[in-house]
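The structure appears right after this line, and notes come after that.
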Amino acid sequence: MGRLSGSPAIRRGVLVLAVVAVALGVVVFVRGGSDSAAQAKRPEREWCTPGTARTALCPNGKVFDAKEYATHGAAFGCSYFARQADAQAVLRADPGDPNHLDDGGGVACRGLPAPRDTTPVPHTAQCGPGDTRSALCPQPDRSFDARYFLRHGGDAYDCPDFASQADAQAVLRFDPADPNHLDGARKGVACPNLPGPKDVKPVRRAP
């Protein structure tokens, strides 16, 4: 038995078998990796069919009917909508705002991405004693708080939201970084086409 195990022929056979086993292991490993990579590249199952309504889960859907979202009471929050303009369309369809989408000034869900529709829906305006002066609450004796128009930290308010150019300028002066893009020309003057009172002393813009 010792002779057989030590014979050159048997040693060569064992060596050949070992090489073949290693080669098969490499092939299985490579194919397994390729299959895993192919599965990783394979797209997830589609959430949205061509007829699915546009929502936050289906942001590219073309179907959107605002009336569907205005007939069930407080059933849909801002996070349900793919774009601000869709939420505004729902608010416009029912200015009573059963979904509580209006976060101030007749504009729904200001924090949602574009496309945007920030033309105020006037019937939702509730100008209480403590509300800041705005296009919907334009009384000159009403107090004005520039921070109100910076509370969302992004491009949430536009020139039509202000009662006067001076109010828009106060917001630009409070935050020269201009997150609302009130000074499109970057000349330090916000919303120059708004009515007076005016404040056209340029604000030094943040770099």
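Work out Dmax and Rg for region 130-207 from the C-alpha atoms and quote the Rg first, both in angstrom.
11.3, 35
Just name one of Ala166, Pro115, Phe76: the one whose Cα is farthest towards the positive end of the charge dipole of region 67-207 (beta-carbon charges, Lys/Arg +1, Asp/Glu -1).
The listed residue farthest towards the positive side: Ala166.
Give the shape of region 44-118 as rounded, prolate or oblate, defined through the alpha-carbon gyration tensor: a ≥ b ≥ c are the square roots of its eigenvalues, a/c under 1.5 means rounded, and otherwise the shape is prolate if a/b is larger than b/c and oblate if not.
The shape class here is prolate.
So, in Å, what gap is there between the alpha-carbon centers of region 186-207 and region 69-126?
Using only Cα atoms to place each centre, the spacing works out to 29 Å.
Give, as a single signed number, the net charge of other residues whose beta carbon lies under 15 Å from the beta carbon of Pro115, with Lys and Arg counted +1 and Asp and Glu -1. Kindly include the intermediate steps, with their values, before the conclusion.
Details: positive: Arg54, Lys62, Arg83, Arg92, Arg110, Arg116; negative: Asp86, Asp117, Asp155, Asp158.
Net charge in that neighbourhood comes out at +2.
For region 67-202, what is the charge dipole size about the Cα centre, in debye to the nearest 20, if Lys and Arg each add +1 at the Cβ and Asp and Glu each add -1 at the Cβ? Write out the running numbers ahead of the final one.
On the way: 14 positive and 18 negative charges, 71 e Å.
Using only the charged Cβ atoms, the result is roughly 340 debye.
Since every read-out is calculated from the coordinates, none of them should be taken as a lab result. Model, not experiment: these values are computed from the prediction. Here the Cβ is made from the backbone with ideal geometry for all residues, glycine too, and neighbour counts use every protein chain on show.
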